[in-house]
Amino acid sequence: MEDAGSATRTPAIPGWRVIRSDAGRYWASRERPFPNDTIWGDPPFRTVDADTLDDLKAKVERQEEVAEQAASRTTGEAVGRAAGEETS
């Protein structure tokens, strides 16, 4: 496998480490864990793979979207709990 730091440059995805296997398959692993705990086996996934770079970028984008949606739900739930506590 080659990585983004090798002499053969693999295009980068900001915040993700991109690796291209010897077989030509693309892999990306998020450099930092997602901020919220997730259920094992459910998105967002920290590592994804694809046959093409475009497909990999789409998968990475989807993971970031899912993480953002989860963060919004968590923030909304926390705000709702705090509001409920104030009115009690």
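Odds and ends about this structure:
- With respect to being under 28 Å from A70 (Cα atoms) and at pLDDT below 90, G41 fits the description.
- Odd one out for S29 among (1) at pLDDT 95 or above; (2) surrounded by fewer than 18 Cβ atoms within 10 Å (Cβ to Cβ); (3) in a helix (DSSP H, G or I); (4) not basic (K, R): (3)
- Remark: G24 falls outside the filter, which requires a residue to be surrounded by fewer than 11 Cβ atoms within 10 Å (Cβ to Cβ), in a loop (DSSP other than H, G, I, E, B) and modelled with pLDDT under 85.
The values are calculated or read from the model by the stated rules, or taken from the named source; none is laboratory data. The model shown is predicted, which means the values in this text are computed figures rather than measured ones. Neighbour counts are summed over all protein chains in view; Cβ atoms, including those assigned to glycine, are modelled from backbone coordinates with ideal geometry.
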